[in-house]
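Read the structure below first, then the notes.
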């Protein structure tokens, strides 16, 4: 006798359920919690979130958009699956931005974001571009074992008060870190780049770049 595998189909949260959780978290003075939830799409513009917002292990079936948002705590997208792009432009996060293990079928765009502490992005996977252009980071950026499948990873005009760690990262195209200011160390150990590594105009306090594989040129 053959047994059929039962697959659980999760129903996405409705807009009303999303709004209810946001209001309830505010009333209870806690982090907004969408961890392990399924959401059709997520869009917030011009708002303030006091205790942070958690999407760990969430599935978002379309775009994820936060624009001109102030988050006084952490923004957590750890191990989230997003079937679209992640747009976090011009957001201000007082704590950490945790996108460890995030998988997205689109781009990750943090242009102009201000992160008070660290960007934790170990093992992030993106099939679009990754842009941290004009991003201001109070701590460090950790991109160990990241996988970027598009043509260019951009860190133009980036300000990092800690370290920029790209150890073990892989990019099909080029990695551009132009005109960036890194107060700490630039860690490029074990990176694999199909195109160019561009660091022209960037300042940093030491660099580690052993066992690198760069298909194009080093442009400094």
Length gained if residue 111 through residue 218 is fully extended, taking 0.36 nm per residue and subtracting the Cα-Cα distance, is 36.1 nm
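Over the chain, calculate the relative contact order: mean separation of alpha carbon pairs under 8 Å at least 6 apart, over the residue count, as a percent.
Numbers: 745 pairs, mean separation 21.7, N = 220.
Relative contact order here is 10 percent.
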Between the helical axis of 15-28 and the dominant principal axis of the chain, each derived from Cα atoms, what acute angle in degrees is found, rounded to the nearest 10? 80 degrees
With labels modelled as points extended 7 Å from the Cα through the Cβ direction, what inter-label distance (nm, one decimal) is found for residue 47 paired with residue 207? 4.2 nm
Correct option for Rg/Rh (Cα atoms, Kirkwood Rh) [calculated from the coordinates] among (1) 0.97; (2) 1.06; (3) 1.02: (3)
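Show me the ranking of peptides 127-140, 56-69 by mean Cβ neighbours inside 10 Å, starting with the highest. Mind dumping the intermediate values first?
Working: 127-140: 20.8, 56-69: 18.4.
Result, highest mean first: 127-140, 56-69.
If packing is taken as the average count of other Cβ atoms within 10 Å, what order do 43-52, 195-204 fall into, highest mean first? Write down the numbers at each step before the final one.
Details: 43-52: 14.6, 195-204: 17.4.
Put in order of decreasing packing, that is 195-204, 43-52.
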Here the gain from full extension of residue 127 to residue 92, 0.36 nm per residue of separation minus their alpha-carbon distance, amounts to 10.1 nm
How high is the relative contact order of the stretch 133-209, given as a whole-number percent (alpha carbon pairs under 8 Å, six or more residues apart)? 28 percent
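Rule-based calculations on the coordinates, nothing more; no lab input. Model, not experiment: these values are computed from the prediction. Using ideal geometry, Cβ is built from the backbone for each residue, glycine included, and neighbour counts are taken over all protein chains shown.
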